[in-house]
Amino acid sequence: MEFPLLEALGAGNASNSTNGTDSHGGGGGHGDGDIHAHSGHHEQPYIILFLFASFALGALVRTLLKIVPGDLPYTVVLLVLGILLGLASARSPDFAHYTAIVHMNPHLLFHVFLPVLIFESAFAMDTHMFWKSIYQILIMALPGLLLASLLTGILSMYTFNYGWNWYVGMMFGSICSATDPVAVVALLKELGASKQLGTVIEGESLLNDGCGIVIFTMFLNLATGVEWAAADFVIFIVKVMLGGPAFGFVMSKLTSFWLANIFNDALTEITITLASTYITFYVAEVLGVSGVLAVVILGLTMERTSISPEVESFLHRFWEMMAYLANTVIFILVGVMIMEKSIHMIEGGDWFYIITLYFGINVIRLIVIIILSPATSRVGYGLSWRYGVVTAWSGLRGAVGLAMALLVMQQEMTKGSSEDWKMQVANKILIHIAGIVFLTLFINATTIKALLRLLGMSDISAPKRMTMYSAVRRVKDAQNRSFQVLKGDRFLADAEWTLVEKACEIQDPYKTKDEEVNAEEFVPFQRMSQCQDCKSMVPNEPSPREYQDMAEEARLRTLKAQKVSYWKQFEHGMLNREAVRVLVQATESAADSVGEFVDIEEIKKHWKIKGLLPRLRNKLEDLVTDKQKDQLPMPEHKFLRTVFIIVGHPAFEWSINVLIILNLIPIIIEFTIEESDPQFPEYQFYLRITNYVFFVIYILEAVLKIIALRKHYFFSHWNQFDLFIIAVSIIDIVLDNIFGNVDFNPAIFRIAKIFRLLRAMRMLRLSKAAIPRMINVIDNLINKQLSFGYDVGKGFVVGEEEVMKLIPTIIDNRSIARDLRQKSDISRRAVIRELGLLQRDHPGIAVSVKTRQSIRAVLNHSRDTIREMQGGGLLDETEAKKLEMVVEIKMKQLARAPPSIPPPNPEQLLRHISWLEGNTELTEFMKARAKLLFHDFGSTLCKQSELPQGLFLIVSGMVKLRGAGVKYTDYETQHSMDDDLEVYEDYLTSGNIIGEMGILNKQPRSTSVSCETSIQTYYISAEDMDMAFDLFSVNFLKERIWRVVAIRISTPLLLKTLAYQGWTHDKVRLRLETGYMPTNLVDRRSFEIDQTMDDVILVQGHALSPHTAEEFVAPCIIPRTIHKLTFSTDSMEEGVLPPQLLVVPNKEVIIEEDTKRRNSLYGGIGPSTTSLCLQHAAQRRSSHNLLAKKSSSSIFRRPKSGKAKSVSIALPSLETASDGTTRRRTDLQPITDPVSNTSTTSASGSLKPVVLPNQVVSREGAWSVQSADFGSEKAWEGNKFQF
């Protein structure tokens, strides 16, 4: 194995002089030997200068190609520049110093440039399309390559008069068949042509380069006189063709495993991929397998999800840059090589042969594609005749073929004349390969665009034109809104807005001339109308063909949006690596079939546990549990009851296990002692006694179990095993007593030992103690699978919800948009329901996933905050990195989160309600007033159009919401933002609250709520909520609830607007959390909107703009061009909903008045602390909190003792008297007894205590337990209510 890089950079004079002499001797040389003879020590800087000068030249070419009109491919221009450099080098000996790199060993192209190009191409390829097209690619890369090599070899043998044999002809054919369609693939991507076609062409190039090198190596050895036996030939093919991919696959798994254990370290991850690429290539070559195929498989099978999401984009950019630099150097180098190494060797007839060969290889490639078309058109994505023509014309030749031709130049003959070899074979191959490289790049690459246009493959379809037109229109709408806002800016008001509008005008990239548009050909007999933009006549409704095309284009874009959502969730840590891989694969599979969407059944399979694990777990449970024993009643007889308790106690089982372990000691001693030992008889006596003792113990154990369990003892497999061991022990004792006193007989002694060994099998019973641990291991594996399935389902639901918001921007046709939304909503609800059922059966799984995602969401926000502080100059780079490292360490620890977490008890769920959190007194009041209700499957919690009766907090189970679809309008664009769903349906699980809006506005419910499973809820009546509003008005309880509801309503509104479409759901909610709700809007009659407010959302009621007289109906976002709102006096009338606004302040400018209003919502101290230092402000704050606690009642806390406390504050409470009864008392107002529906008062104005025994109260098909202690730990055990 040669490593010529150091030789090329180290100025090896001998080889270079030889090359120069040979060139000169061939005629047309320029004295290379003289140049290198006196400039060897200067070669290294010239080579480095050539490399970086090539980079600079490539950058200049890219810049000019963007300015100069034309369709010249980048690589073709580089080739021409390389030819010009080679021409200058040939003409000027002084310039030849700078191109000395062309005299390097040709292995350099393989060992330095080829791994980069191959890995980047494979890594950047759409792996789904590649594996979908793998049969097409393999057919064209294996039999297609062999057939093309054979036909090209025949063409060269019978056309050229060089006297080549079959070996040389096949070698030459393999060189000519190695394609390098870099320019064509780049052009296909640029034109937006079929991605499947580009994948097939690029995939074929990757594989046929590797296979071509293998065939070339084999025939090169045969042509130079190396003799191979048939067996060696087969072994070589199998080893190289199969060993390379196998080694690449192993390296990809090792690399993916390494990358998966690194979190967000760009330098390390990029270094790993770079090192892995070259190590794979070099080690494969050392092992004698194909390094090219190994790197191809490495790039294709490396898990993309093993790379940190924050690093992935940077990694792709790095490899894109590496491939760009490699291509730049290679194509310039190819041009120089053509001029320096081949042009001077061309004789008169060779020009004809080169042109003949060029036409021949193109015809041969077309013939091969036609011959293989019956197979290639029936697999993968198919191959139409247009695709076949483009594939044939895209067979460019490049650096790989030229490097193989240079290797032929270096090869020495083992038999025959080396001079004849160089003159008649090596030189001729080099000039012909150089010729077809130049011609294919200069002709095929430059005309491929015209070919695509001729075949109609570069035409933009009508749906794509409509999508682009819609996008341009939305951009223009956004610009108009920006103009309106900026014209009101005090600094920008006097700008030249005519010039601004002209400079910002956006043109449609797909806009065509009027004569090219002929919409009437689709619908000749439809009613026409005039387009407002171009004044041309267009059909009012799309034709069936247009409708089908638009629907298919919208479907593909919807699936693409889903895939983007999945990757975005992965980047934010909301999906794990395997989940995003499954979802992306499901999306890509759906995109392959016309009219198909993601298969829900395939998604469901990931949380359906089947196979070996559940069966093994059931078997182990059957072994470790005795169901009949557990179901046996306690015996009535005192002695039998005592034995039953003893046998059933765990200590009895553990004692027997200890005795079994002790019994192993004499058995081991008996097997280790030799019969020839003088003390053997004495040992045997004691061992015999020990055996009898343990035998008696086992008999006693069996007798006790039989007494306790009676006939059920014989049904247990473990007991049957014990009886078998006892029988073996009996036989052992009988043999010992019969033959123990006779003369020594080896056969009998061996039999006795065998029985003692069988008795040691009792040790297997100890495995019973290990079975629970085995069950725990299996449960952990099952929980991981269920957690993974829940992760997949949750990611799918989030993706569907995000796509549903984007559908109006994806397609303008309302009918298609409605169909897409309905299909998406059906799929979303189906998966939500399945996840709810999964949470019912495995609540810990759902809690684990939700907990993990909540932690990651908080950490994401923490990291974003750190980066914002760094960007604002509040943190320097070092401090920000330290803080960010702390956050990322916690992110990495989430990978070890348990797959199952016990669900919170009802009291914890109640405490975590957002509008209760932080207020202990309010929470204790709600606990005292709440009832724990149990609802059967199918029962109804509340019906549509009925008045709200109270709040329901779902403790466990799942409910279904069904009601009318929400209707609202984007007043900024005047576009309807209806959800196109006549009926709204959704599912809610534990932790969600039902009825908040109804409690606030006292309006009939808009949805019905029914139980999809048996559920448990906390119920707080409307009367208790009204009481809480009165009692806790100082704590702004109603305002807190309004703010929570307003944020919930506003989130989907903002997500559907253009300004927030790139935002995640959590990011929008965090933005809304900074908002506040102005109070007393009805009394104020108007509301001023100034520049300190980013968004104003009308959550309830109506509002008017006094300037435009435009009416806004909730829910809606107030356009930013509106600066004042007025409210009608009708809002003060009964039955009319008062207006409610949510104001989101500007990030940069928040006036002090807004800050005070927001602080007041959270019980801020007030402006008095602003004049204090930090220490006294903290003391003042502590004193304020202490006074607040002293001034409020502590009766909401559950008394720890049974003694009732005397309370002087006038707030309702529950207390427990010494007799154990629950008492409700108050000192100011009467409380109605829920049992008798009466109230009692004393003469002094205070209530007599109403005694409420612990009881079961029935309510609307539900049953509940009404007690003061229903939230305690004793009452709630194992997620079941204990009576």
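The values are calculated or read from the model by the stated rules, or taken from the named source; none is laboratory data. Owing to the predicted nature of the structure, the values given are computational and were not obtained by experimental measurement. Cβ coordinates were reconstructed from backbone atoms using ideal geometry, including for glycine residues, and neighbour counts include every protein chain displayed. Calculation scope for accessible area: heavy atoms of the full protein, side chains included, ligands and nucleic acids excluded. Shrake-Rupley method; radii C 1.70, N 1.55, O 1.52, S 1.80 Å.
Kindly report the accessible area of segment 845-947 per residue (heavy atoms of protein chains, probe 1.4 Å, no ligands, DNA or RNA), in Å².
Spelled out: the 1.4 Å probe surface of segment 845-947, per residue, equals 52 Å².
Express in nm, to one decimal, how much length is gained between Ile609 and Gln548 on full extension, taking 0.36 nm for each residue of separation and deducting their alpha carbon distance. List each step's numbers first, then the result.
Values: separation 61, 0.36 × 61 = 21.96 nm, distance 3.95 nm.
Once the chain is fully extended between Ile609 and Gln548, it gains 18.0 nm.
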Using per-residue counts of other Cβ atoms within 10 Å, averaged over each peptide, order 289-295, 147-153 from highest down. 289-295, 147-153
The extension gain from Asp677 to Leu49, computed as 0.36 nm times the residue separation minus the Cα-Cα distance, is 217.2 nm
Roughly speaking, what is the stretch gain from Lys619 to His712, that is 0.36 nm per residue apart minus the C-alpha to C-alpha distance, in nm to one decimal? 31.5 nm
Could you put Trp228, Trp915 in order of accessible surface area, largest first, with the 1.4 Å probe and the full protein assembly present? Trp228, Trp915
Could you sort Lys882, Lys487 by their accessible area in this structure, using a 1.4 Å probe and putting the largest first? Lys882, Lys487
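Heavy atoms only, probe 1.4 angstrom, no DNA, RNA or ligands counted: give me Leu837, Leu64 ranked by accessible area, highest first. Please list the in-between numbers first.
On the way: Leu837 35, Leu64 85 Å².
The residues order as Leu64, Leu837, largest area first.
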Counting only heavy atoms of the protein chains, get the accessible area per residue of segment 321-374 (1.4 Å probe) and round it to a whole Å² value. 38
Nonlocal amide H pairs with Tyr987, under 5 Å, H built at 1.01 Å: Leu961
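Would you mind getting me the FRET efficiency between Tyr282 and Asn780? Use the beta-carbon distance for r and R0 = 41 Å, nearest 0.05.
0.50
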Report the net charge of residues surrounding His861, where surrounding means a beta-carbon distance below 9 angstrom and charges are Lys +1, Arg +1, Asp -1, Glu -1. 0
Based on the Cβ-Cβ distance of Arg62 and Gln484, what FRET efficiency does E = 1/(1 + (r/R0)^6) give at R0 = 45 Å, to the nearest 0.05? 0.70
Cα-Cα over 28 Å, subset of Lys892/Lys960; Lys568/Lys890; Lys960/Lys1002; Lys604/Lys850; Lys604/Lys931; Lys132/Lys464: Lys892/Lys960; Lys604/Lys931
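Using DSSP to call loops (not H, G, I, E or B), can you name the GluC sites (Glu not before Pro) in segment 873-948 whose Cβ has at most 15 other Cβ atoms within 10 angstrom?
Details: sites: Glu877, Glu879, Glu884, Glu888, Glu907, Glu917, Glu921, Glu924, Glu946; in loops: Glu917, Glu946.
Qualifying residues, ordered by number: Glu917, Glu946.
Going highest first, how would you order 79-92, 203-216 by mean Cβ packing within 10 Å?
In descending order of packing, they fall as 203-216, 79-92.
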